[in-house]
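Colleague: Below you will find the structure I want to go over with you.
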There are 4 protein chains.
Amino acid sequence: MKKVAILGATGLVGQRFIQLLQNHPYFEIVALCASDNSAGLKYAQAARWKLDIPIPSKIAEMVVRPCKPDIDCDYVFSALPSDVAGPIEDEFRKAGYTIFSNAASHRLDEDVPLVVPEVNLDHLELVKHQKGPGKLVTNPNCSTIGLVMALKPIMDNFGIESVTVVTMQAISGAGYPGVASLDILDNVIPFIKNEEEKMMIEPKKILGKVVENKIEYAKFDIVAQCNRVPVQDGHLLSVFVETSLKASTEKIIKAFEEFNPIKHMNLPTAPEKPLIYLEGVDVPQPKLHRNLGNGMSVSVGRIVQINERKFRFLALVHNTIRGAAGCAILNAEAYKHLYE
Amino acid sequence: MKKVAILGATGLVGQRFIQLLQNHPYFEIVALCASDNSAGLKYAQAARWKLDIPIPSKIAEMVVRPCKPDIDCDYVFSALPSDVAGPIEDEFRKAGYTIFSNAASHRLDEDVPLVVPEVNLDHLELVKHQKGPGKLVTNPNCSTIGLVMALKPIMDNFGIESVTVVTMQAISGAGYPGVASLDILDNVIPFIKNEEEKMMIEPKKILGKVVENKIEYAKFDIVAQCNRVPVQDGHLLSVFVETSLKASTEKIIKAFEEFNPIKHMNLPTAPEKPLIYLEGVDVPQPKLHRNLGNGMSVSVGRIVQINERKFRFLALVHNTIRGAAGCAILNAEAYKHLYE
Amino acid sequence: MKKVAILGATGLVGQRFIQLLQNHPYFEIVALCASDNSAGLKYAQAARWKLDIPIPSKIAEMVVRPCKPDIDCDYVFSALPSDVAGPIEDEFRKAGYTIFSNAASHRLDEDVPLVVPEVNLDHLELVKHQKGPGKLVTNPNCSTIGLVMALKPIMDNFGIESVTVVTMQAISGAGYPGVASLDILDNVIPFIKNEEEKMMIEPKKILGKVVENKIEYAKFDIVAQCNRVPVQDGHLLSVFVETSLKASTEKIIKAFEEFNPIKHMNLPTAPEKPLIYLEGVDVPQPKLHRNLGNGMSVSVGRIVQINERKFRFLALVHNTIRGAAGCAILNAEAYKHLYE
Amino acid sequence: MKKVAILGATGLVGQRFIQLLQNHPYFEIVALCASDNSAGLKYAQAARWKLDIPIPSKIAEMVVRPCKPDIDCDYVFSALPSDVAGPIEDEFRKAGYTIFSNAASHRLDEDVPLVVPEVNLDHLELVKHQKGPGKLVTNPNCSTIGLVMALKPIMDNFGIESVTVVTMQAISGAGYPGVASLDILDNVIPFIKNEEEKMMIEPKKILGKVVENKIEYAKFDIVAQCNRVPVQDGHLLSVFVETSLKASTEKIIKAFEEFNPIKHMNLPTAPEKPLIYLEGVDVPQPKLHRNLGNGMSVSVGRIVQINERKFRFLALVHNTIRGAAGCAILNAEAYKHLYE
């Protein structure tokens, strides 16, 4: 068993970490850390629990700690909001901890891998060259995770020249309290702060190559426009992609279905199928498909050929599971598998 | 005063016709027609009224008639569902009526103009060459109306090579009962039957030219992907456009703002500004902006330059006002202005 | 293993039966019956599946049968809509089947028990006196189930003089397509057809006594007012109750917490706690608590004493699990336990 | 013309004041006051405008002032949040201003009238006995306003012994940002802070009598249970009332319909009908009826007789118009009519 701590344990992503780590075969939560307001309180008092399962009773009784690097643990998961994550993660790294972070702060750092195990497991090796004593592995932005998982088999088989993506993102992506109900009930907000920027750079790093211990970014064009919609969980992406080689919908569906490069590793949080291509004209839908593969599968649907090398399709990612806590846990499982 | 009849008067679009024709300076509703189930009933009994204003008392008492061409009136407005509109409109046309239709059935007929007055008023002249005795003018699909109003000033100033559009459409676009609440609460449905097809052909006709009494379709590429979102009214469009000439966001905004080619006609239902460019990063929003210009203005916002000739922006159209009943009424006003 | 058939298997409640009977220790689905439109199709084609888990693969492939009493099975579960359930259930009963029905048609029949196992298990014995060859056991209306589960420990300990209840009910209670999104988005509908009538009579039967093989209805007054709210699942009840004896909030909470008269039976679908009293001022909430006890527990909260013998509290019941399919299955489990 | 200032002008209720005072025949907005964060900014910059009409252009350009009693105006409207209203209103009162407040702070003060003009106009005379130099008139809590307007004609005609009310309240009642979307999408929250307390005392003051320059509270029992629902505007009340005298639904409907004791005053903001009794089983509904009488009418519907002296019915009030800004303005109009 590995002892793990969660930074930002009281927030929405923190709650997902707790949910996903319940009954984990080799990670055991030993510390819940949060802001000074919460530190010292029992978790049940400190957190505004928003999941529809009860707080696990052992967790409920744990006393929340401040985010200080004085914890006896093997791995640290960071669910901290991006505005505070940077320095706290630095502190833990300096103190020698191995951190798997969902925060944006260090995603683009040159020596920090930005990983979705099914997509760019090899980027993990960047950690070998990180200046010690600690280690930092990050996972991408929630929408980006859904996007790159769908793009990866296309890139591998046909190459990618350009991508245009329009997102329809769930309210849970903004944390709690996050989006005011007055702003989103009966409405769409065509803007999410910093989201388009992330979606227009992170995929190039993730789909890039490791060259001499650095990431050479992928070269395709990418444009993103991000919208908030009145949906609880699940980011839906309308994707337009131009391939380098000729392709067909059949071939791309086949590539989606066969995609599972980490199957042999048998990681406990890995879904049976990372990509599920759904038959039907009106799929995927957040309400129906966000929980496929326990929220770890990305659903794709309705791929349409526009011309010889242009296609469009839909992709859906559970933003707080695969798009956040679940991806960080999968990164930790892969790291343990490879390096320990 | 012109006497007008409304076909499909009990449906959602029919209700908007009634609302918009209340106190109209020269159109007076003399007949409300609907299916045989409704015929013979008082309108207040026949219609499931869904607007947040009461049924006008005179209308409430009118007895609904069947959709038969035996009405003493000058103009006929058709709010019929597309699956029944075709033959009924044919019957009225054969009987010599002048019809302004919101239905899709005849939009692409060679001799039928598909008109948004601000965009292609000149197409109206097709009616002169329609084989008598009746006349038929159609207005486009709701989303298409929002799109072509925003594209027109771009086309006139910079030319258009290609358009990609992703829509987030309101539930009222599906009529009543339309979308089941179980399907759309906490959800997005990435499919609307026949909608993408309409959006990928209608703009080419509308933005085409009259050449020898026929429409020569515009030649740009267009791809559309349509989604239903849990919003009452207002279709939001995320638009990506490639221009023929170099342009800039400033120039396009200026073109949006100056756009009002029918201002001199002073049509009663025409908004002061057909296009309203909103400042701000998170606009337009359905809930806040759908009623601008009494629901007849299209709001545009957040135009961003992608490269020398590529831009993206958002557009919002009130789907049952500008996108349906309001556009048909404006067509009738323009027709009267020009030909009577 | 008992072989079971589901009547009305394609509807929302039918889908919940399928979900809850997956991996059941002694019920195995052998037949899925539905209307003639569906009969002959594979289940995956016939049903518009609305749950967020995939259709179990074995079920997906089963061919839907018509609702005819020619099935080789031990028990029949009826998830039929009330407008067709009556005669179909009669036919099955005449053919000798043992039916556990969620439909309203026969709930008030003199020889038919209306049962929630935790509340009035003893009513089950009515079946012994049913004229053969078949048997029929019904479960109450969804809101009623939540109500009587909360009232039972109060009645047993303090007696009940009168009850006033206002409901806020989920859209899934109306089946599919059910409530139109135009009617319920941003709205409350203060009416549900036949619901108030059911809530004002069924509790008196359920909380009544078996006297000489008949039910002597309980005598308290009851008033119900029912509302539909934009919630997916979970009926929330605001309950006002006048007791016969003096009581206190502490005593009532104790009665809630200790309530589990069928614990010794160890029925597989029975929740560990039939009633869960939640601490806090703003509970229970449909989104957070409807799935407690796998949807089989009723949550109660915020009991307040109004005067010596008047109290108010909130209760929440998952309407398609405990309030429908789950209760019918529990009835069948109890029946098997007692009589077979 | 009277010059008016608005305290708390940037909030949701402040915005409604601005909307309702546009084009007012004798009130002219001369000052917009808000917190120190907003003071000094143009209104368009300071306010997060949430209405679906644009900010009136004159208002947009006005510079927001701090809430200091140095304004040259005749009347002051207070839309301040209750947690800051008390001392600020005191300061204005000491400085001699005449204040019409929507805030809760002073509603129950012995010398302060709590007025809905149609219900207890005579209470206004309390101001004559207020120790100078300023004057303070308050209007009730939003839900209470709907309740007392419906109760008043019942009380006058049949007397009232007891009232039980369950509310389903809109999110706009919590201000902005107010209710988090994560808390209310697909949910009902059965608690609104301090709301039940207000509803259980304010009606007794409002329906009380002026006796020797003081209010003698009405004596009926009242119990309230308040819920938040995912509705934009409009509080729906499920009301159970026990009358002192025998009554009938017909007589109560007649009393509702004839209710308009201030008709002769012709106040500009007064609706033609303060109470509108709607025919039909499923009314009133927030989405359809909240705007009746420009949001100033209370809709009532579906009155049902329970026994000789018990009735239940539904009432709907637009919470930010009649339930807040509109009532304060009507109070000011009545005050001016009577005393100036």
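Colleague: Where a ≥ b ≥ c are the square roots of the eigenvalues of the C-alpha gyration tensor, would you call the protein assembly as shown rounded, which needs a/c under 1.5, or, failing that, prolate if a/b is larger than b/c, or oblate?
Modeller: rounded
Colleague: 5 Å is the cut-off here: which amide hydrogens, built 1.01 Å from N in the peptide plane, fall below it relative to A:Y277, excluding neighbours closer than 5 in sequence?
Modeller: Residues meeting the criterion, in which the H sits 1.01 Å from N, are A:V300.
Colleague: Under the Karplus relation 6.51 cos²θ - 1.76 cosθ + 1.60, θ = phi - 60°, what is the ordered set of whole-Hz ³J(HN,Hα) values for region C:39-48, x standing for Gly and Pro?
Modeller: Each residue of region C:39-48 in turn: 4, x, 8, 5, 3, 4, 8, 6, 8, 8 Hz.
Colleague: Once amide H atoms are built 1.01 Å from N in the peptide plane, which residues 5 or more positions from C:T98, or in another chain, come under 5 Å H to H?
Modeller: Those lying under 5 Å, H to H, from C:T98 are C:V76, C:K135.
Colleague: Here's a follow-up. Taking H as built 1.01 Å from N, whose amide H comes closer than 5 Å to the amide H of B:T320, not counting residues under 5 places away?
Modeller: The list, which skips near neighbours in sequence, is B:G234.
Colleague: Compute the normalised compactness of region D:118-176: alpha-carbon radius of gyration over 2.2 N^0.38 Å, N being the residue count.
Modeller: Output field value: 1.47.
Colleague: As a quick test, which of the pairs A:K273/C:K273; C:K263/C:K287; A:K58/A:K94 have an alpha carbon distance above 32 angstrom in this structure?
Modeller: Beyond 32 Å between Cα atoms: A:K273/C:K273.
Colleague: In nm, to one decimal, how far is the modelled label at A:E258 from the one at C:E161, with both set 7 Å along Cα→Cβ?
Modeller: The modelled label-to-label distance comes out at 7.7 nm.
Colleague: Nearest 100 Å² is fine: what is the total accessible surface buried where chains D and C meet, probe 1.4 Å?
Modeller: 3000 Å²
Colleague: How far is C:D36 from the same spot in each other copy, in nm, shortest first, if each label point sits 7 Å from Cα toward Cβ?
Modeller: Label-point separations across copies, in nm and ascending: 2.2, 7.6, 7.9.
Colleague: Out of all DSSP beta bridges in the protein assembly as shown, what portion is antiparallel? Express it as a percent rounded to 5.
Modeller: Here the antiparallel bridges make up roughly 45 percent for the protein assembly as shown.
Colleague: For chain C, give the share of DSSP beta bridges that are antiparallel, in percent and rounded to the nearest 5; count only bridges with both residues there.
Modeller: Around 45 percent antiparallel, to the nearest 5.
Colleague: Which value, in Å², gives the accessible area per residue of chain C when a 1.4 Å probe is used on the protein heavy atoms?
Modeller: That works out to 36 Å² per residue.
Colleague: Per-residue HN-Hα couplings for region D:266-277, Karplus 6.51 cos²θ - 1.76 cosθ + 1.60 at θ = phi - 60°, whole Hz, x for Gly and Pro?
Modeller: 6, 6, x, 8, 5, x, 4, 10, x, 10, 10, 8
Colleague: Straight distance only, please: which lysines reach the Cα of C:K205 with their own Cα at less than 22 Å, same-chain residues fewer than 8 apart left out?
Modeller: C:K128, C:K131, C:K135, C:K152, C:K193, C:K214, C:K219
Colleague: Using a Gaussian network model on chain B with a 10 Å cutoff between Cα atoms, which of B:S248, B:S82, B:S38 fluctuates the most?
Modeller: B:S82
Colleague: Could you identify the residue of C sitting closest to the C-D rotation axis by Cβ and state that distance rounded to whole angstrom?
Modeller: C:V166, 2
Colleague: Moving on. Using a 1.4 angstrom probe on heavy atoms only, work out the carbon and sulfur share of the accessible area of chain C in %.
Modeller: The value for chain C is 48 percent carbon and sulfur by accessible area.
Colleague: Return the whole-Å distance between the Cα centroid of region D:181-205 and the Cα centroid of region A:309-340.
Modeller: 41 Å
Colleague: On a 0 to 90 degree scale, rounded to 10, what angle separates helix B:326-339 from the longest Cα axis of chain B?
Modeller: The answer is roughly 80 degrees.
Colleague: Against the 2.2 N^0.38 Å scaling, with N counting residues, where does region C:142-318 land? I'd like the Cα-based Rg ratio to two decimal places.
Modeller: After normalising by residue count via 2.2 N^0.38 Å, the value is 1.03.
Colleague: Okay, moving on. Using the Karplus curve 6.51 cos²θ - 1.76 cosθ + 1.60 with θ = phi - 60°, work out ³J(HN,Hα) for each residue of region B:315-322 in order, rounded to whole Hz, and write x for Gly and Pro.
Modeller: With coefficients 6.51, -1.76 and 1.60, one gets 9, 10, 10, 6, 5, 9, 9, 4 Hz.
Colleague: Here's a follow-up. Compute a Gaussian network model of chain A, connecting alpha carbons closer than 10 Å, and tell me which residue from A:K198, A:K273, A:K128 fluctuates the most.
Modeller: The residue with the greatest mean-square fluctuation here is A:K128.
Colleague: Might you work out the accessible area of C:K263 for me, using a 1.4 Å probe with all protein chains in place, and round it to the nearest 10 Å²?
Modeller: Probe radius 1.4 Å; accessible area of C:K263 about 130 Å².
Colleague: Run down the aspartates and glutamates and flag those whose C-alpha is under 18 Å from the C-alpha of A:K310, throwing out any fewer than 8 positions away in its chain.
Modeller: In chain and number order, the partners are A:D156, A:E161, A:D221, A:E242, A:E250, B:E161, B:E196, B:E197, B:D221, B:E242.
Colleague: Given a Förster distance of 22 angstrom, what is the FRET efficiency for D:V211 paired with D:K128, based on the Cβ-Cβ distance and rounded to 0.05?
Modeller: For R0 = 22 Å, the calculated efficiency reads 0.90.
Colleague: So which residue, out of B:E197, B:E89, B:E118, gets the largest mean-square fluctuation from a GNM of chain B using Cα contacts under 10 Å as springs?
Modeller: B:E197
Colleague: Return one number: the angle in degrees, 0 to 90 and rounded to the nearest 10, between the long axis of the Cα atoms of helix C:82-94 and the longest principal axis of the Cα atoms of chain C.
Modeller: 60 degrees
Colleague: Label region A:83-240 by shape, choosing from rounded, prolate and oblate, from the square roots a ≥ b ≥ c of the eigenvalues of the Cα gyration tensor; if a/c is under 1.5 it is rounded, and otherwise prolate applies when a/b is larger than b/c, oblate when it is not.
Modeller: oblate
Colleague: Okay, next question. Considering only D:I171, D:F220, D:P190, whose Cα is most displaced toward the positive end of the charge dipole of region D:169-256, charges sitting on Cβ of Lys, Arg (+1) and Asp, Glu (-1)?
Modeller: It is D:F220, whose Cα lies furthest towards the positive end.
Colleague: Turning to a different aspect of this structure: So what is the 222 nm mean residue ellipticity for chain B from helices alone, if each DSSP H run of at least 4 adds -39500 (n - 2.57) and you divide by all residues, rounding to the nearest 500 deg cm²/dmol?
Modeller: Computed ellipticity for chain B at 222 nm equals -8000 deg cm²/dmol.
Colleague: Here's a follow-up. Quick check on my link table: of A:K3/A:K251; C:K2/C:K50; A:K68/A:K198, which ones sit more than 32 Å apart, alpha carbon to alpha carbon?
Modeller: Where the Cα-Cα span goes over 32 Å, the pairs concerned are A:K3/A:K251.
Colleague: Which angle from 0 to 90°, rounded to the nearest 10, does the C-alpha axis of helix A:12-21 make with the longest principal axis of chain A?
Modeller: Roughly 90 degrees between the two axes.
Colleague: Moving on. Classify region C:33-100 as rounded, prolate or oblate, taking a ≥ b ≥ c as the square roots of the eigenvalues of its Cα gyration tensor: rounded when a/c is under 1.5, otherwise prolate if a/b is larger than b/c and oblate if not.
Modeller: Verdict is prolate for region C:33-100.
Colleague: For C:R48 and C:Y339, FRET efficiency with R0 = 25 Å and r from the beta-carbon atoms, rounded to 0.05?
Modeller: In this case the efficiency is close to 0.10.
Colleague: Moving to a separate point now. Measure of size requested: the Rg and Dmax of chain A, with Cα atoms as the atom set and Å as the unit; please supply both.
Modeller: 19.2, 61
Colleague: I'd like the distance between the alpha-carbon centres of region C:1-40 and region C:75-119, rounded to an integer number of Å.
Modeller: Between the Cα centre of region C:1-40 and that of region C:75-119, the gap is 15 Å.
Colleague: Here is a further query. What is the average number of partner chain Cβ atoms found within 10 Å of a Cβ in A:274-286?
Modeller: Mean shielding count: 3.
The values are calculated or read from the model by the stated rules, or taken from the named source; none is laboratory data. Not measured: the values here are computed from a predicted model. Using ideal geometry, Cβ is built from the backbone for each residue, glycine included, and neighbour counts are taken over all protein chains shown. We work out accessible area using only protein heavy atoms, side chains counted, and drop any ligands, DNA or RNA first. Shrake-Rupley method; radii C 1.70, N 1.55, O 1.52, S 1.80 Å.
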